[in-house]
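The structure under discussion appears below in the form of structure tokens.
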Amino acid sequence: MTDVADRRGTPMINSDMGESLGLHSFGNDPALLDTVDAINVACGFHSGDPDTMAETVAAAKEKGVLIGAHPGLPDLVGFGRREMKLSPQEVEHMMLYQVGALSAFLRREGASLNHIKPHGSLYGMLARDADLMRGAARVARLFDVPVYGIAGTAHQAVCEELGVPFVAELYVDLNYGPAGELLIQRRPEPTDPDAAARRVTRALTDGVVEASDGTLLTIPFDSICVHSDAPNSPAVATAVRSALDAL
């Protein structure tokens, strides 16, 4: 894998990892670690457990991959993909608890927290609700790290308001609605690697992404997310990497 520092100016690839639980293995983490630049580690609320967090952090540190926290809603059964009614303070404390847990494993490995990326329905809730997002941004400000999110939403607006660095994302394995919203699936499905590569190439050359209804969206981004839980996610990540290298 090329050193992360060699790709400055080129969008990075990130992936959600560490989402196994107990005896249940989940995702294509080992295969993806050779392709991605940064990972978002589940912190135990939507998935993940202490052993998985420890193993994921150690593996990423060995590969030289940047490590971020991926805090989610406390909903193991629904994998954090069912919305909840929360106050800004509840969001802040819930995220602080999870990021703090991951930080302990990072400290043991001599690694640093690189960013925070909310998971699943929490990600969508924060994109729409500035008050909730302020709770999340306060956690990022406390740890002095950026937030990964969607440009043009409360993710970005609140980060700018509170002086928190923001990293905009592009998704290649989820569809966008006509208003630029992510269409999150309850269960992951395979993504055509060639289609993922074409989305990246078009976004970087023409500046547009096609929504599910054909609407052409302008989506600024600095990082590209490839989820680890889709059956063929390593092939998708490899196609995206090839598309970036070709530009």
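The values are calculated or read from the model by the stated rules, or taken from the named source; none is laboratory data. Being a predicted model, the structure only gives us computed values, none of them experimental. Using ideal geometry, Cβ is built from the backbone for each residue, glycine included, and neighbour counts are taken over all protein chains shown. Keep in mind that these areas ignore ligands, DNA and RNA; they rest on the heavy atoms of the full protein, side chains included. Shrake-Rupley method; radii C 1.70, N 1.55, O 1.52, S 1.80 Å.
Which order do the peptides 78-86, 206-214, 162-170, 145-153 come out in when sorted by mean C-beta neighbours inside 10 angstrom, highest first?
Numbers: 78-86: 16.4, 206-214: 12.9, 162-170: 18.4, 145-153: 21.2.
Highest to lowest by the protection proxy: 145-153, 162-170, 78-86, 206-214.
Rounded to the nearest percent, how much of the accessible area of segment 156-247 (1.4 Å probe, protein heavy atoms only) is carbon and sulfur? Kindly include the intermediate steps, with their values, before the conclusion.
On the way: 2190 of 4360 Å².
Its accessible area is 50 percent carbon and sulfur atoms.
Percent of Cα pairs in the chain per distance bin of 5 Å, from zero to the largest separation: 1, 7, 15, 19, 21, 18, 12, 5, 1, 0. Taking a ≥ b ≥ c as the square roots of the eigenvalues of the Cα gyration tensor, segment 163-225 is rounded, since a/c falls below 1.5. When shorter helices are ignored and each DSSP H run of at least 4 residues is given -39500 (n - 2.57), the per-residue value for the chain at 222 nm works out to -12500 deg cm²/dmol.
By average Cβ neighbour count within 10 Å, what is the ranking of 224-233, 114-123 from highest down? All intermediate terms of the calculation are to be shown ahead of the outcome.
On the way: 224-233: 22.0, 114-123: 24.6.
Sorting 224-233, 114-123 by mean packing, highest first, produces 114-123, 224-233.
Here's the picture: charge each Lys and Arg Cβ at +1 and each Asp and Glu Cβ at -1 in segment 85-221, and of Ala127, Ala104, Val209 the one pushed furthest to the positive end of that dipole is Ala104. Between Phe45 and Gly72, the built amide H atoms are under 5 Å apart, and every one of these is 5 or more places off in sequence or on another chain. In this structure segment 138-200 gives 48 Å² per residue of accessible area when probed at 1.4 Å with all protein chains present.
For segment 237-247, putting each phi into the Karplus relation 6.51 cos²θ - 1.76 cosθ + 1.60 with θ = phi - 60° gives couplings of 4, 5, 5, 5, 4, 4, 5, 5, 5, 7, 8 Hz, in residue order, rounded to whole numbers and with x for Gly and Pro.
Counted over segment 88-216 with a bin width of 10 Å, the fraction of Cα pairs per bin, in whole percents, is 12, 37, 32, 18, 1.
Sorted by average packing, counted as other Cβ atoms within 10 angstrom per residue and highest first, what order do 178-186, 90-98, 105-113 take? Present the calculation step by step, with values, prior to reporting the outcome.
On the way: 178-186: 12.8, 90-98: 20.1, 105-113: 15.2.
The most tightly packed comes first, giving 90-98, 105-113, 178-186.
By the gyration tensor of its Cα atoms, with a ≥ b ≥ c the square roots of the eigenvalues, what is the shape of segment 11-123: rounded for a/c under 1.5, prolate for a/b over b/c, or oblate? Prolate shape, in that a/c is at least 1.5 and a/b is the bigger ratio. Database remark: amide H of Leu182 closer than 5 angstrom to the amide H of Gly177 (H placed geometrically; neighbours at sequence offset of 5 or more, or on other chains; Pro and chain starts carry no H). Excluding ligands, DNA and RNA, the accessible surface per residue across segment 1-104 is 45 Å² with a 1.4 Å probe. Given an 8 Å cut-off on Cα distances and at least 6 residues of separation, report the relative contact order of segment 100-219 as a percent. Worked out over segment 100-219, it gives 17 percent. Under a 5 Å amide H cut-off, with hydrogens placed 1.01 Å from N, Val167 pairs with Val147, Tyr148, Gly149 among residues at least 5 apart or on other chains. Normalising the average separation of contacting C-alpha pairs (under 8 angstrom, six or more residues apart) by the number of residues puts the relative contact order of the chain at 20 percent.
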